[in-house]
1. Given 0.36 nm per residue, what is the gain on full extension from residue 120 to residue 102 after removing their alpha carbon distance, in nm?
2. What value, in deg cm²/dmol to 500, does the helix sum -39500 (n - 2.57) over DSSP H runs of n ≥ 4 give at 222 nm once divided by the residues of the chain?
3. Put 52, 1 in order of accessible area, largest first, 1.4 Å probe: what do you get?
4. Largest first and to the nearest Å, give the Cα extent of the chain along each principal axis.
5. Taking R0 as 22 Å, what FRET efficiency do you get between residue 180 and residue 79 from their Cβ-Cβ distance, rounded to the nearest 0.05?
6. Under the definition of Cα pairs under 8 Å and six or more residues apart, what whole-number percent is the relative contact order of the chain?
7. Count the lysine pairs in the stretch 1-62 that are 8 or more places apart or on different chains: how many have C-alpha atoms under 27 angstrom apart?
8. How much of the DSSP bridge set in the chain is antiparallel, in percent, rounded to the nearest 5?
Amino acid sequence: MKTLLHPTYFPSIAHYVMYAKATHLVYEMEDNFQKQTYRSRTYIYGANGKLMFNVPVRHDKKNKNQKYKDIQIANETAWQRLHWKSLESAYRTSPYFEYYEDELRPLFEKRYTHLIDLNFDTIEIVNECLQLEIETSKTSEYHRIVTDMQDFRKLATVKKEPDYGFDRYTQVFEGKHGFIPNLSILDLLFNEGTNALTYLEQQTIS
């Protein structure tokens with residue numbers, strides 16, 4: 001069965017559990033943009049605990065119901081440089097940061113206009129790092145309720161996120177702040193490297 005998901009910014013581990021299990025992934029392209037979701041943010045494990053990365057976007061004050069695919073990035077601030085420096089600071093000592101950094105760095109150097117293009121590029125590069133091949137397609141119209149697919153669009157919601165009960169893995173600052181579940185896929189990638197895909201395949205989401 002097909003699985004329906006939002007393309008998000010360096011998706012969460014929960015997203016990637018579904019990626020690893022999907023036989024065919026369908027990306028939602030026709031929904032309206034919602035603030036404070038994984039569409040424009042992700043979380044990593046920094047020296048002081050959970051750290052949010054937020055991609056600044058332009059909001060059309062006249063049109064509150066903007067399509068997600070039309071949302072533009074506000075590039076006035078050096079947000080990409082900030083995100084990359086924070087990644088380096090957080091994961092330089094992790095087992096696999098140096099293994100993947102050359103593949104990931106260009107994502108923080110290329111200038112993007114639309115958020116959705118950035119998000120698709122982050123997914124594409126991470127999939128290459130994971131050696132994960134998935135058949136994908138995109139929606140052409142929006143349906144609030146779908147019956148012909150598994151609907152996991154809810155995974156883009158940050159608020160009231162459930163405890164998925166994912167297995168622990170070793171994190172850089174775990175000794176300071178304990179295990180933090182369901183961070184960006186980058187946390188799993190830098191800590192588990194070539195074992196990351198096996199980890200994802202072993203987790204479940206109902």
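The values are calculated or read from the model by the stated rules, or taken from the named source; none is laboratory data. A quick note: this is a predicted structure, and the numbers were derived from the prediction, not measured. Glycine gets a Cβ as well: all are built from the backbone with ideal geometry, and neighbour counts include every protein chain shown. Side chains are part of the model used for accessible areas, which takes the heavy atoms of the whole protein and leaves out ligands, DNA and RNA. Shrake-Rupley method; radii C 1.70, N 1.55, O 1.52, S 1.80 Å.
1. Here the segment from residue 120 to residue 102 would lengthen by 4.7 nm.
2. So the calculated ellipticity at 222 nm is -9000 deg cm²/dmol.
3. The residues order as 1, 52, largest area first.
4. Its Cα atoms span 45, 42, 30 Å along the three principal axes.
5. 0.45
6. Once divided by the residue count of the chain, the mean separation gives 37 percent.
7. Close lysine pairs under the 27 Å cut-off: 6.
8. Antiparallel: roughly 50 percent of the beta bridges in the chain.
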